[in-house]
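A.B. asks: After the structure tokens below, expect a handful of questions from me.
The values are calculated or read from the model by the stated rules, or taken from the named source; none is laboratory data. Owing to the predicted nature of the structure, the values given are computational and were not obtained by experimental measurement. Here the Cβ is made from the backbone with ideal geometry for all residues, glycine too, and neighbour counts use every protein chain on show.
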Amino acid sequence: MRNLAISVALALLLFAFGTACSHSSSDDTIAKDIQTKAAADPETKDSEVSVAAKEGKVTLSGKVKTPAAQQKLEKIAREEPGANGVDDQTAVESPAAEPTPMAAAPAPVEKPKPQPVVIPAGTILTVRMVDSLSSKSSQAGQSFSATLAQPVSVAGKTALPAGCKVTGTVVTAKAKGKIKGEGQLDLKLASISAGAQTYDIKTLVLSSTEKGKGKRTAATTGGGAAGGALIGGLAGGGKGAAIGGLAGAGVGLVGGALTGNKQIEIPAESALSFTLSAPLTLPPPSQ
């Protein structure tokens with residue numbers, strides 16, 4: 001009897017061991033099959049899931065991309081042969097928060113570009129002579145120097161300050177003969193300097209003639225009014241310091257009576273007015 005009891009006990013032990021080995025082998029197969037099917041399915045292949053089985057009960061853990069993938073994975077596990085239960089411990093990944101777009105920086109406000117300064121045609125340029133001129137001694141084509149006697153403004157702002165250097169040209173110089181023939185002296189301005197820049201300018205010709213017995217006329221060519229008169233000599237006197245009335249839109253020229261002879265004389269320091277015949281464009285004022 002004792003031997004029989006021992007034999008039965010050994011048999012039960014071997015059966016239990018074999019059964020345990022059989023269950024272990026079956027659980028591994030179930031887990032591997034589910035893992036393989038999940039990796040092959042388009043809906044679950046991107047899920048990071050671990051599969052374990054114990055005595056036929058399947059445990060799923062890890063993360064899945066979507067709720068649909070979670071449901072599909074659980075279905076695969078339940079349909080696996082030998083599986084008798086599923087414990088789904090998977091979690092659905094939270095979608096990554098999209099970065100908050102940064103507010104676009106406001107476009108920089110462009111400052112208005114400074115505009116060139118245009119001194120229109122018809123503007124009077126009053127200059128004070130540096131050189132003296134004479135219908136007797138001056139030559140056509142000769143240059144002379146002067147300075148701007150009065151500032152020139154555009155839109156209420158000074159465009160050319162007084163004191164700017166000015167150059168001009170003798171257009172015609174003809175001495176009066178002793179018996180007949182008139183004396184003539186025609187002038188025009190050629191350039192003006194402002195700061196470090198020199199600009200070409202165009203003016204109407206300022207013309208003065210001297211006829212017999214000291215009869216004088218002065219005019220600008222191109223439609224300017226005749227009868228212009230002396231507008232300068234130094235106020236304190238000096239050679240030829242006489243002042244005549246202005247006429248013809250502010251045009252003036254020193255006449256020959258300044259020296260008492262019958263030639264046209266323009267002493268240094270005389271003030272003459274010229275009219276721009278074309279606009280003068282200056283660069284924008286510095287900011």
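A.B. asks: Being at negative phi, assigned by TED's automatic domain parsing to the domain that holds ILE34 and assigned to a loop (DSSP other than H, G, I, E, B) narrows it down to one of ALA83, ALA121, so name that one. Give the derivation first.
C.D. replies: Working: ALA121 fails: assigned by TED's automatic domain parsing to the domain that holds ILE34.
Of the residues listed, the single one that is at negative phi, assigned by TED's automatic domain parsing to the domain that holds ILE34 and assigned to a loop (DSSP other than H, G, I, E, B) is ALA83.
A.B. asks: Could you check GLN71 against (1) part of a helix (DSSP H, G or I); (2) touching a strand residue (DSSP E or B) at 6+ places or on another chain (Cβ under 6 Å) and say which number it fails?
C.D. replies: (2)
For (1) touching a Lys or Arg at 6+ places or on another chain (Cβ under 8 Å); (2) under 30 Å from THR209 (Cβ atoms); (3) surrounded by 16 or more Cβ atoms within 10 Å (Cβ to Cβ), each residue gets a yes or a no:
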{"site": "THR36", "(1), (2), (3)": "no, no, no"}
{"site": "SER61", "(1), (2), (3)": "no, no, no"}
{"site": "PRO67", "(1), (2), (3)": "no, no, no"}
{"site": "GLN71", "(1), (2), (3)": "no, no, no"}
{"site": "GLY85", "(1), (2), (3)": "yes, no, no"}
{"site": "LEU133", "(1), (2), (3)": "no, yes, yes"}
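A.B. asks: For residues in the stretch 195-204 being buried (at least 19 other Cβ atoms within 10 Å of the Cβ) and of a type outside the set (S, T, N, Q), which is nearest to SER134 (Cα to Cα)? Walk me through how you get there before you give the answer.
C.D. replies: Going through the stretch 195-204, the residues buried (at least 19 other Cβ atoms within 10 Å of the Cβ) turn out to be 201, 203-204.
Now drop any that are not of a type outside the set (S, T, N, Q), which leaves 201, 204.
Working: ILE201: 23, LEU204: 19 Å.
For the stretch 195-204, the residue satisfying everything is LEU204.
A.B. asks: Please work out which residue is surrounded by the most Cβ atoms within 10 Å (Cβ to Cβ), limiting yourself to the stretch 141-174 and to residues that are among the β-branched types (Val, Ile, Thr) and more than 20 Å from LEU187 (Cβ to Cβ). Spell out how you get there, then give the answer.
C.D. replies: Within the stretch 141-174, the subset among the β-branched types (Val, Ile, Thr) is 147, 152, 154, 158, 166-167, 169-172.
Right, trim to more than 20 Å from LEU187 (Cβ to Cβ) and you get 154, 158.
Numbers: VAL154: 15, THR158: 12.
The qualifying residue surrounded by the most Cβ atoms within 10 Å (Cβ to Cβ) is VAL154.
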